[in-house]
1. Return one number: the angle in degrees, 0 to 90 and rounded to the nearest 10, between the long axis of the Cα atoms of helix 104-114 and the longest principal axis of the Cα atoms of the chain.
2. Which of 152, 124 comes first, and how do the rest follow, when ranked by fewest Cβ neighbours within 10 Å?
3. Using only Cα atoms, tell me the angle between helix 119-132 and the longest principal axis of the chain; keep it within 0 to 90° and round to the nearest 10.
4. Could you line up 117, 129, 45 from fewest to most neighbouring Cβ atoms inside 10 Å?
5. First measure r as the distance between the Cβ atoms of residue 120 and residue 213, then evaluate 1/(1 + (r/R0)^6) with R0 = 30 Å and state the FRET efficiency to the nearest 0.05.
6. Suppose R0 equals 35 Å; then what is the FRET efficiency for residue 179 and residue 65 from their Cβ-Cβ distance, rounded to the nearest 0.05?
7. How do 204, 87 line up, fewest other C-beta atoms within 10 Å first?
8. Please tell me the relative contact order of the chain in percent, rounded to the nearest whole number, where contacts are Cα pairs under 8 Å and at least six residues apart.
Ligand SMILES: Nc1ncnc2c1ncn2[C@@H]1O[C@H](COP(=O)(O)OP(=O)(O)OP(=O)(O)O)[C@@H](O)[C@H]1O
Ligand SMILES: [Mg+2]
């Protein structure tokens, strides 16, 4: 995976992570994390609490330096060319980053200005995003008065202010009710329709099933399985106890791959993955 300094190579567009390692003192957060996300596709990164999802996102979005390994995002090395990466990415962190006292519009304009848009361009882009995310009516209210779903939509809009080529979404719908979650899903789908590459971490397996072209399961800091939702389901095999054969759900795939025990309505025990 040779990489010429400063030259965005097509094979490094999207996301390429190779053998990333990260320790926090004695604790290993990433232990040889390798992942490739093709440009214009959505990868769902699934894993239990503490598996290393946020650490991976922080490294790929240049907020944290890896102890080992390499990564390229949108064509640039995240350690050697962090500024080039930052110009091309958006990040929705696990916790909301918008300011409560400012209005939705002010937040968007502020992020536009921080991204070096002119005042005019920031105002125009803020207006477009407020419309696109159904926030036009609430645009001039303080964010403190927004519902959880509205805040999350504003977060998502904020991450798009510079039209990123690659978007990182760390648990974008945590804490949302099902209707708000479905609403955020449809916004993400629209984005992907415009060619954005998305890495989405989630605990909601349904979310990954709905949105992702490719799913990677992370456990203890490394990817333990990868494939399309259907490929992962096929790995675990159909349920053999029920008279009507059905595919396992992604929840079952997840529990199986991460070694956790599934509580099933039948006595079925899934066979180990081959
Ligand atoms: N700043 C930190 N200092 C020390 N340990 C950390 C720090 N951040 C994360 N860790 C540890 O690194 C491991 C991976 O954490 P990480 O936040 O990446 O997991 P995660 O998959 O995002 O979990 P969650 O689903 O709970 O968000 C965990 O064991 C966590 O305790
Ligand atoms: Mg996390």
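1. Long axis of 104-114 versus the principal axis of the chain: about 80 degrees.
2. Numbers: 152 25, 124 14.
In order of increasing Cβ crowding within 10 Å: 124, 152.
3. The angle comes out at about 40 degrees.
4. Details: 117 18, 129 25, 45 28.
Starting with the residue having the fewest Cβ neighbours, the order is 117, 129, 45.
5. Details: r = 37 Å, r/R0 = 1.23.
FRET efficiency, residue 120 to residue 213: 0.25.
6. 0.30
7. Working: 204 20, 87 15.
Ranked by crowding around the Cβ, least crowded first: 87, 204.
8. Details: 528 pairs, mean separation 63.3, N = 274.
Computed value for the chain: 23 percent relative contact order.
Only the coordinates and a few stated rules stand behind these numbers; no lab work does. Everything numeric in this text was worked out from a predicted model, so none of it was measured. Here the Cβ is made from the backbone with ideal geometry for all residues, glycine too, and neighbour counts use every protein chain on show.
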